[in-house]
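One structure is given here, and the rest of the page talks about it.
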There are 2 protein chains.
Amino acid sequence: MALIVQKYGGTSVGDLDRIRNVASKAVAEHKAGNQVVVVVSAMSGETNRLVALVDGLSRFPNLREYDTVVSAGEQISIGLVSIAVENMGIKCRSYLGWQVKFITDSTFSKARIREVEGFRIRRDLDEGCIVVVAGFQGIDDMGNITTLGRGGSDTSAVALAAALKADRCDIYTDVDGVYTTDPRIEPRATKLERISYDEMLEMASMGAKVLQIRSVEMAKKYRVPLRVLSSLEEGTGTLLTEDSEMERVVVSAITSDQNEAKLTIKGVPDRPGIAAAIFGSLAEANVNVDMIIQNVSENGETDVSFTVSKREYQLAMNVLDEQVKKIGARSLGGNPNISKVSVVGVGMRSHSGVAQRMFSCLARENINLQMISTSEIKISVVIDEKYTELAVRTLHEEFELEKSLADRISA
Amino acid sequence: MALIVQKYGGTSVGDLDRIRNVASKAVAEHKAGNQVVVVVSAMSGETNRLVALVDGLSRFPNLREYDTVVSAGEQISIGLVSIAVENMGIKCRSYLGWQVKFITDSTFSKARIREVEGFRIRRDLDEGCIVVVAGFQGIDDMGNITTLGRGGSDTSAVALAAALKADRCDIYTDVDGVYTTDPRIEPRATKLERISYDEMLEMASMGAKVLQIRSVEMAKKYRVPLRVLSSLEEGTGTLLTEDSEMERVVVSAITSDQNEAKLTIKGVPDRPGIAAAIFGSLAEANVNVDMIIQNVSENGETDVSFTVSKREYQLAMNVLDEQVKKIGARSLGGNPNISKVSVVGVGMRSHSGVAQRMFSCLARENINLQMISTSEIKISVVIDEKYTELAVRTLHEEFELEKSLADRISA
């Protein structure tokens with residue numbers, strides 16, 4: 001008998017038919033002899049509706065009250081799923097974040113989970129119940145309601161799976177797994193059977209958007225086997241584990257992100273404190289910086305390039321316009337029409353030549369590289385936005401990702 | 001400095017403009033130097049929407065889960081009211097039933113309040129906050145969410161006022177007070193400045209529909225001064241207290257109820273256990289019985305008449321059809337086209353002749369009395385439904401209710 005945590009997002013509980021579908025999936029797992037805990041989000045659209053109500057009253061609401069309002073949606077969906085399960089003849093109990101105690105810090109609207117008290121759930125499971133738990137929300141030491149930030153239900157599910165020492169955490173979503181690249185760009189993209197936490201982390205941060213990145217970090221930390229699969233189609237999805245089965249495969253996936261813009265400060269005096277001055281001013285303005293590149297200096301000067309989200313591009317330009325004069329840099333330039341294309345794979349750790357192969361492949365298509373950044377398992381390049389699809393398809397073919405895993409390993 | 005509990009129903013928080021209106025009323029009371037606790041219902045339509053979702057899944061839902069779903073609405077409205085208050089520059093904190101602890105029994109969907117823990121609210125009030133509390137809901141000893149039944153927010157407000165020893169509990173609603181009779185029937189109906197708990201209890205049970213009857217019972221028990229007033233218009237409303245200022249006035253109000261139907265069982269054998277057999281079978285079928293009249297028996301037989309709600313009339317007829325044969329009664333008859341008209345007033349206790357005056361007045365209009373029932377402060381008659389308006393207007397004039405209180409006392 002295994003203990004399975006299932007997590008369903010807003011789309012999967014979007015109406016009564018889908019709620020019945022969720023219930024029948026949970027009941028099927030229960031009838032297969034397993035203990036089942038279901039974590040659900042609010043019905044799709046509900047949380048947006050609640051956020052809009054708050055926005056209609058205040059641009060800067062008290063965040064304690066904001067959390068109280070926006071966490072009301074899960075209360076509805078857990079009760080409805082529970083009623084649907086009982087209709088199928090299985091005992092079921094639902095719990096809110098404060099009831100089974102997802103204890104968090106008091107950072108309203110983006111609280112971090114400190115501890116999950118699972119004993120009430122264990123008792124119910126031992127009594128043969130299916131248990132339904134509200135995602136996205138918790139309670140702080142003072143008894144206030146907190147929320148974990150958008151997409152927080154994934155993190156709730158993984159945290160609960162870790163606390164209950166679950167055998168697996170199944171994240172049901174509207175895609176049937178993790179792909180070698182975006183199928184809308186490269187129709188020959190194939191679904192990955194397995195992927196490592198690290199690969200997924202590199203992909204998630206680049207817009208793969210399948211899982212909240214915090215949930216993957218937590219799954220990695222507590223070694224929770226995490227499966228991503230579709231709530232609407234049958235299939236085994238993609239399993240995230242410590243080590244990829246594809247370790248012998250160099251590249252697992254290609255990702256692209258067109259939501260970034262590039263800024264370059266030229267002629268930056270190369271002395272201590274300058275980087276802090278630049279990025280400190282951006283941090284104060286709440287601009288998130290992604291890639292940062294600084295070349296070695298020449299003649300006591302250097303150039304600094306970095307990317308921010310397109311949405312914050314103009315704000316970043318305004319903030320730096322002043323800062324550039326203050327630090328005595330020569331000029332500020334920017335380009336919002338870029339995209340970031342990355343090659344991801346744990347295999348890179350032990351294989352040389354991946355970067356060179358990637359660069360040659362893009363050069364053959366006359367795609368100029370504006371920035372390059374690498375990690376142990378990822379190489380990202382910034383290119384002109386209009387070449388995004390071409391770059392993704394070319395790289396997908398170069399690394400033979402359309403072939404099955406078996407074919408690639410034997411090749 | 002007084003402590004005022006204000007309660008607003010769903011219509012009063014039905015949209016963001018109305019929520020701002022509620023906030024400004026609370027802030028005005030606060031700025032007048034008083035401590036203010038606001039109890040709110042869900043936004044109008046919200047609880048109905050939630051009930052409909054549950055109905056879509058199950059005709060007989062697990063009531064624990066039902067309560068979890070239908071209590072989600074107040075969570076939204078308390079947060080929104082709190083944000084609107086803070087927008088006006090006053091610190092505000094909202095609490096759900098489980099947070100300030102409305103401890104109830106475990107009768108899901110119609111729980112009774114056992115105790116209200118007010119210390120968190122007191123602390124916030126002492127810090128200069130306005131406090132907003134969710135009506136309608138509580139928590140049982142096991143930490144389950146419970147609800148108090150429809151209209152339960154009135155009861156929440158009064159229970160909280162009692163626990164906090166509030167100086168007054170103001171129930172804001174969509175009418176501006178309690179009237180001498182229904183103004184839609186008698187345009188000369190006048191608003192009562194004061195009324196006793198007992199008079200209000202007699203009126204509420206007869207369809208005055210201004211306050212949930214449980215809340216009046218509780219206000220009477222804990223001697224909470226209760227005021228009914230409009231959330232949309234200015235005015236002082238009607239104050240409910242232990243003793244009516246109108247004690248010297250015989251009749252305070254005329255009420256009518258057209259939602260009842262009459263049943264009569266003729267030739268009932270007059271022996272012990274018969275009444276239990278009749279009303280037991282109705283109770284089993286969940287039929288609520290209102291007035292019951294049984295005349296003295298003749299020849300070992302008696303007639304029993306009683307009223308039920310029109311909605312349950314056919315069910316009651318079906319249930320009794322069988323029962324009448326079983327107990328050996330002669331016949332069962334019924335009439336759904338009746339109405340109940342009542343004269344209410346604490347003054348009756350010490351004044352004779354009110355009943356006679358009522359009956360003569362109706363007789364002058366040729367209105368036949370089908371049933372008569374009296375309590376210490378109320379006389380009700382059942383008449384043909386079509387005479388309802390005529391009866392109300394005639395009685396209103398007979399007891400001079402269109403005159404001001406001062407005029408009536410001096411008269």
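Roughly how big is segment A:3-174's charge dipole about its Cα centre, with Cβ charges of +1 (Lys, Arg) and -1 (Asp, Glu), in debye to the nearest 20?
Dipole magnitude for segment A:3-174 comes out near 140 debye.
Please give the per residue volume of the convex hull enclosing the alpha carbon atoms of segment A:1-82, rounded to a whole number of Å³.
So the per-residue hull volume is 82 Å³.
Starting from the Cα gyration tensor of segment A:72-153, multiply each eigenvalue by 5, take the square root, and state the resulting semi-axes largest first in whole Å.
Semi-axes (√(5λ), whole Å): 24, 14, 8.
Using the charge dipole of the protein assembly as shown (Lys, Arg: +1 at Cβ; Asp, Glu: -1 at Cβ; taken about the Cα centre), state which of B:381, A:297, A:108 has its Cα farthest towards the positive end.
Towards the positive end, the residue furthest out is A:108.
Can you list the HN-Hα couplings for segment B:370-384, worked out from phi with the Karplus curve (6.51, -1.76, 1.60; θ = phi - 60°), rounded to whole Hz and with x for Gly and Pro?
Values per residue, Gly and Pro as x: 8, 8, 9, 9, 10, 10, 4, 10, 8, 10, 10, 10, 9, 10, 4 Hz.
State the antiparallel share, in %, of DSSP beta bridges confined to segment B:85-197, rounding to the nearest 5.
60 percent
In vacuum, with every alpha carbon of segment A:3-174 counted as one equal point scatterer, what does the Debye formula give for log10 I(q)/I(0) at q = 0.09, 0.12, 0.19 Å⁻¹? Two decimals, please.
The Debye formula, applied to the Cα set alone, gives -0.27, -0.48, -1.16.
Quick one: helix B:213-222 against the long Cα principal axis of chain B, what's the angle to the nearest 10°, folded into 0 to 90?
Between the helix axis and the principal axis of chain B, the angle is about 70 degrees.
Out of A:327, A:185, A:19, any idea which swings most in a Gaussian network model of chain A, alpha carbons joined below 10 Å?
Result: A:327 has the largest fluctuation of those listed.
Closest to the B-onto-A rotation axis, which residue of chain B has its Cβ, and how many Å off the axis is it?
Checking which Cβ lies nearest the axis yields B:72, 2.
Residue by residue, what Karplus-based ³J(HN,Hα) values in Hz, rounded to whole numbers, does segment A:102-112 have, using 6.51, -1.76 and 1.60 with θ = phi - 60° and x for Gly and Pro?
8, 7, 10, 6, 9, 7, 4, 6, 7, 6, 9
Under 5 Å between amide hydrogens, which residues at least 5 positions from residue A:227 or on another chain qualify, with H placed 1.01 Å from N in the peptide plane?
A:169, A:170, A:171, A:240
Residue A:389: net charge of surrounding residues, Cβ under 14 Å, Lys/Arg +1, Asp/Glu -1, itself excluded? Provide the component values of the computation, followed by the final result.
Values: positive: A:184, A:188, A:340, A:386, A:393; negative: A:182, A:186, A:257, A:365, A:384, A:385, A:397.
Net of charged neighbours comes to -2.
Cα convex hull of the protein assembly as shown: mean projected area in nm², to one decimal?
Result: 44.5 nm².
Tell me the Kirkwood hydrodynamic radius of chain A in angstroms, computed as one over the mean inverse distance between distinct C-alpha pairs.
Evaluated on chain A, it is 23.1 Å.
Compute the label-point distances linking residue B:300 to its equivalents in the other copies; points lie 7 Å from Cα along Cα→Cβ; give nm, one decimal, shortest first.
So the distances to the same position in the other copies read 12.7 nm.
Which number do you get for Rg(Cα) / (2.2 N^0.38 Å) in segment A:107-216? Intermediate results must be reported in sequence, preceding the final value.
Working: Rg = 16.3 Å, N = 110, 2.2 N^0.38 = 13.1 Å.
My calculation over the Cα atoms of segment A:107-216 gives 1.25.
Residue B:360 label points, 7 Å along Cα→Cβ, one per copy: pairwise distances from this copy to the rest in nm, shortest first?
Shortest to longest, the spacings are 11.8 nm.
What are the ³J(HN,Hα) values, in whole Hz, obtained from phi via the Karplus relation 6.51 cos²θ - 1.76 cosθ + 1.60 with θ = phi - 60°, for each residue of segment A:284-293 in sequence order, with x given for Gly and Pro?
Running phi through 6.51 cos²θ - 1.76 cosθ + 1.60 with θ = phi - 60° gives 4, 8, 6, 8, 7, 9, 9, 6, 10, 10 Hz.
Which whole number gives the average, over all residues in B:41-53, of C-beta atoms from other chains lying within 10 Å of the residue C-beta?
1
Under 14 Å from a point 7 Å along the Cα-to-Cβ line of residue B:364: which residues of segment B:370-393 have their amide N that close?
Those under the cut-off are B:391-393.
Please give the average number of partner chain Cβ atoms lying within 10 Å of the Cβ of each residue in B:94-104, rounded to a whole number.
On the way: counts 7, 4, 7, 0, 6, 7, 1, 1, 0, 0, 0.
Average per residue, whole number: 3.
Given Cβ point charges of +1 (Lys, Arg) and -1 (Asp, Glu) and nothing else, what value in debye, to the nearest 20, does the dipole of segment A:74-122 about its Cα centre take?
With only Lys, Arg, Asp and Glu charged at Cβ, the dipole is about 120 debye.
5 Å is the cut-off here: which amide hydrogens, built 1.01 Å from N in the peptide plane, fall below it relative to residue A:260, excluding neighbours closer than 5 in sequence?
HN-HN under 5 Å from residue A:260: A:310, A:340.
Filter B:31/B:101; A:91/B:101; A:7/A:403; A:7/A:31; A:191/A:378 down to the pairs with a C-alpha to C-alpha distance above 21 Å, please.
B:31/B:101; A:91/B:101; A:7/A:403
If you place +1 on the Cβ of every Lys and Arg and -1 on the Cβ of every Asp and Glu, how big does the dipole about the Cα centre of segment A:246-411 come out, in debye to the nearest 20?
Using Cβ point charges on Lys, Arg, Asp and Glu, segment A:246-411 gives about 120 debye.
Output the 0 to 90 degree angle, nearest 10, between the alpha-carbon long axis of helix A:152-163 and the longest principal axis computed from the alpha carbons of chain A.
Roughly 60 degrees, rounded to the nearest 10.
Do you know the relative contact order of chain B, to the nearest whole percent, from alpha carbon pairs under 8 angstrom that are 6+ apart?
It rounds to 13 percent for chain B.
Taking amide H positions as placed 1.01 Å from N in the peptide plane, with prolines and chain starts having none, which residues 5 or more places from residue A:94, or on another chain, fall under 5 Å of its amide H?
A:132
Would you work out the relative contact order for segment A:3-174, in percent, from Cα pairs under 8 angstrom that are 6 or more residues apart?
About 30 percent, as a whole number.
To test your reading of the geometry: what angle, between 0 and 90 degrees and rounded to tens, separates the Cα axis of helix B:16-31 from the longest principal axis of chain B?
With rounding to tens, the tilt is 70 degrees.
Normalised by the residues of segment B:1-79, what does the relative contact order come to in percent, with Cα pairs under 8 Å and at least six apart?
Here the relative contact order equals 35 percent.
Please name which of B:97, B:19, B:275 has its Cα lying farthest along the dipole of chain B towards the positive end, using unit charges on Cβ (Lys, Arg +1; Asp, Glu -1) and the Cα centre as origin.
So the residue furthest toward the plus end is B:97.
Which whole number gives the average, over all residues in B:9-18, of C-beta atoms from other chains lying within 10 Å of the residue C-beta? Display every interim value, and only then the final one.
Values: counts 0, 0, 0, 0, 0, 0, 2, 6, 1, 0.
Rounded to a whole number, the mean comes out at 1.
Divide by every residue of chain A the summed helix terms, -39500 (n - 2.57) for each DSSP H run of at least 4, and state the resulting mean residue ellipticity at 222 nm, rounded to the nearest 500 deg cm²/dmol.
-10500 deg cm²/dmol
Please state the Cα pair-distance histogram of segment A:246-411 with 5 angstrom bins from zero: what percent is in each bin?
All Cα pairs considered, the percentages come to 2, 8, 17, 17, 16, 13, 11, 8, 4, 2, 1, 0.
Laboratory data are not the source of any read-out in this text; all were calculated from the coordinates shown. Because the structure is a prediction, the values reported are computed rather than measured. Every residue, glycine as well, gets a Cβ built from its backbone with ideal geometry; the counts of neighbours run over all protein chains shown.
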